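Data first, discussion second: the structure below is written as structure tokens.
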Amino acid sequence: MPDHPLRLMIVDDHPVVRDGLRGMFDGVPDITVVAAAADGREALALARSARPGVVLMDLRMPVLDGVGTIERLAADHPEIRVIILTTYDDDADVSRALAAGVSGYLLKDAPREELHAAVRTAAAGGRVLAPKITTRLAARLMPAPGGPPAAAPSPRELEVLRLLACGAANKEVARALLISETTVKTHLKHIFAKLGVDSRTAAVAVALERRLI
């Protein structure tokens with residue numbers, strides 16, 4: 001066994017899932033489960049005493065959900081890496097998690113070996129995404145075969161994207177940039193076309209994945 005195995009905390013509001021995940025890491029020599037929590041608030045309390053290096057966490061939980069927990073952990077324990085493990089893969093959930101700074105976003109049908117590898121990658125400072133999500137993002141990032149290269153958002157469009165990533169509405173974007181809401185809508189139209197998306201949340205997800213913002 002390594003001298004310093006990776007310290008993992010599991011966070012899920014279903015006891016059966018927590019126990020199942022703990023079992024999936026039993027016997028893994030370089031990873032040890034140091035704590036398990038039923039919701040975000042309990043996870044924050046345990047983080048202080050258990051000192052995990054990586055947290056494997058559900059997205060939708062009572063009391064304090066995954067994104068809220070990620071934001072608190074980032075403020076109080078920036079050294080902790082968080083991997084979301086959920087059944088939800090819609091653009092809005094992926095976008096919120098990426099914007100909050102997760103190191104990974106996996107689905108609960110991930111095999112044991114994929115979870116082990118994801119924890120190691122996150123601990124090393126890397127990022128992991130479920131293959132289904134990676135494929136979907138790649139389809140948005142790559143131009144059609146034989147088509148022209150995708151245009152990059154302009155500096156002003158990047159400013160709009162940064163505000164969208166913070167959850168700003170059109171009116172708030174307009175106020176912050178000293179432009180009209182009509183101009184904001186025009187920028188959004190151009191952003192959607194350049195990124196190959198059809199929603200604000202998808203635009204933010206793609207921008208984050210491309211490290212545009």
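Direction-averaged projected area, Cα convex hull, the range 22-84: 4.1 nm², rounded to one decimal. For the peptides 76-86, 51-61, the ranking by mean Cβ contacts within 10 Å, running from highest to lowest, is 51-61, 76-86.
Using Cβ point charges alone (K and R +1, D and E -1), the dipole size of the range 148-213 about the Cα centre works out to roughly 60 debye. For the chain, the per residue solvent-accessible surface stands at 50 Å², with DNA, RNA and ligands left out and a 1.4 Å probe. When the charge dipole of the chain is built from unit charges on Cβ atoms (+1 for Lys and Arg, -1 for Asp and Glu) and taken about the Cα centre, the candidate among VAL33, ALA202, ALA123 whose Cα reaches farthest toward its positive end is ALA202.
Between amide H atoms placed 1.01 Å from N, distances below 5 Å from LEU6 occur with ILE31, THR32, all of them 5 or more places distant or on a separate chain.
The distance from the alpha carbon centre of the range 1-49 to that of the range 60-135 is 14 Å, rounded to a whole number.
Temperature 25 °C, viscosity 0.890 mPa s: under these conditions the Stokes-Einstein estimate for the chain, based on its Kirkwood radius over C-alpha pairs, is 134 µm² per second. Of all aspartates and glutamates in the structure, those lying under 20 Å Cα to Cα from LYS132, and not within fewer than 8 positions of it along the same chain, are ASP58, ASP89, ASP90, ASP91, ASP93, ASP109, GLU113, GLU114, ASP198, GLU209. Among the protein heavy atoms, those of LYS108 account for about 70 Å² of accessible surface (1.4 Å probe, every chain in place). Within the same chain, lysines fewer than 8 places from LYS171 are excluded, and of the rest, those with a Cα less than 26 Å from its Cα are LYS185, LYS189, LYS194. About its Cα centre, the dipole of the chain is roughly 720 debye, where the only charges are +1 on Lys and Arg Cβ and -1 on Asp and Glu Cβ.
The values are calculated or read from the model by the stated rules, or taken from the named source; none is laboratory data. As the structure is a prediction and not an experimental result, all values here were calculated from the model. All Cβ positions, even for glycine, are placed from backbone atoms using ideal geometry, and neighbour counts span all protein chains on display. Ligands, DNA and RNA are stripped out before the accessible areas are found, and what is left, the full protein with its side chains, is counted by its heavy atoms. Shrake-Rupley method; radii C 1.70, N 1.55, O 1.52, S 1.80 Å.
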